[in-house]
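Written out below as structure tokens is the structure these notes cover.
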Amino acid sequence: QIDKLEDANTFIDPRDGHKYKWVEIGNQTWMAENLAYMPHVNPPKKQEYGIWVYDYEGHDVAAAKATENYQKYGCLYDWTTAMDIDPKFLAGHWEGDSENHQGLCPPGWRMPRDEDWTKIEVMLGLDPAYDKNASEWDLGYRTACGGLKLKSTRGWLSGGNGTNYLGLSMNPGGYRQNDENKLSSQHHTGLGETGQYWTTFEYKDSLSNPPRKGFMQN
């Protein structure tokens, strides 16, 4: 749902006036830029949840917005912040509605579900059922093939640019390395090499480990 279209391909977030590109893919409408909503900003080593700008170490929102990385890649969020839910769910199971969850998205938009990414995979010619019996090597090859069509045509290091087949223009904004129980070792990494994207999906890798949050990496 897009309430305020400035032209055929952009909309304005009424919370901060930020302009975003969007693209239609099948029967879905996707933002074609990373989210840049930043009511506050955290240094990477201070806490395990919040909003960060790659390589920015302070608390000043205006200063963070003036950085090249913010203007090019937007913000980095942990899962609970992106979902706009209590940080306690970093270590506990969230039982909210994952079907139509706005999270930190602009009004009229919602967090993507795992099913939304599945539709993207199908459009890329990938069979979601393939995951069930694929080897680790096969899954890596499959992800690389899909990622090639999702990645932007420039900005990726080591010849890693994509074809931007669907118009999502996914950029390599990196991520915040989260070493469990070691806040002093938190750091940003992967700029130019990796993009990671949150979904509403939550799963546990074993009965003894805390929930892990699903993401799509291109």
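With the requirement that a residue be open to solvent by 40 Å² or more (accessible area, probe 1.4 Å) and within 20 Å of the chain's Cα centre (by Cα), what does region 59-88 give you?
Of everything in region 59-88, those that are open to solvent by 40 Å² or more (accessible area, probe 1.4 Å) and within 20 Å of the chain's Cα centre (by Cα) turn out to be Lys65, Glu68, Gln71, Lys72, Asp84, Asp86, Pro87.
Considering region 18-46 alone, what residues qualify as being of a type in the set (S, T, N, Q), open to solvent by less than 40 Å² (accessible area, probe 1.4 Å) and closer than 12 Å to Tyr77 by Cα? Give the steps one after another, and end with the answer.
Step one: of region 18-46, the residues of a type in the set (S, T, N, Q) are 27-29, 34, 42.
Add one more test, that the residue is open to solvent by less than 40 Å² (accessible area, probe 1.4 Å), and what stays is 28, 42.
Listed by number, the list holds a single entry, Asn42.
I need every pair where a residue in region 85-102 that is in contact (Cβ under 8 Å) with a residue 60 or more places away in the chain has its Cβ under 6 Å from the Cβ of a residue that is in a loop (DSSP other than H, G, I, E, B) and among the charged types (D, E, K, R), sequence separation at least 6 or different chains.
His101/Arg110
Between residues in region 64-81 that are part of a helix (DSSP H, G or I) and residues that are acidic (Asp, Glu) and surrounded by fewer than 20 Cβ atoms within 10 Å (Cβ to Cβ), which pairs lie under 6 Å by C-beta distance while being six or more apart or on different chains?
Between residues of region 64-81 that are part of a helix (DSSP H, G or I) and residues that are acidic (Asp, Glu) and surrounded by fewer than 20 Cβ atoms within 10 Å (Cβ to Cβ), the close pairs are Asn69/Asp55.
Go through (1) of a type outside the set (Lys, Arg); (2) closer than 19 Å to Gln186 by Cβ; (3) open to solvent by less than 20 Å² (accessible area, probe 1.4 Å) and name the single condition Tyr54 misses.
(3)
Mind checking which residues of region 104-131 are within 26 Å of Gly17 (Cα to Cα) and crowded, with 18+ Cβ neighbours inside 10 Å?
Scanning region 104-131 gives Leu104, Cys105, Pro106, Trp109, Met111, Pro112.
Identify, by number, the condition in (1) farther than 25 Å from Pro172 by Cβ; (2) more than 18 Å from the chain's Cα centre (by Cα); (3) open to solvent by less than 80 Å² (accessible area, probe 1.4 Å); (4) not aliphatic (A, V, I, L, M) that His101 doesn't meet.
Checking His101 against (1) farther than 25 Å from Pro172 by Cβ; (2) more than 18 Å from the chain's Cα centre (by Cα); (3) open to solvent by less than 80 Å² (accessible area, probe 1.4 Å); (4) not aliphatic (A, V, I, L, M), the one that fails is (2).
The values are calculated or read from the model by the stated rules, or taken from the named source; none is laboratory data. For clarity, every value in this text was computed on a predicted model and none was experimentally measured. Virtual Cβ from ideal backbone geometry, glycine too; neighbours counted across all protein chains shown. Keep in mind that these areas ignore ligands, DNA and RNA; they rest on the heavy atoms of the full protein, side chains included. Shrake-Rupley method; radii C 1.70, N 1.55, O 1.52, S 1.80 Å.
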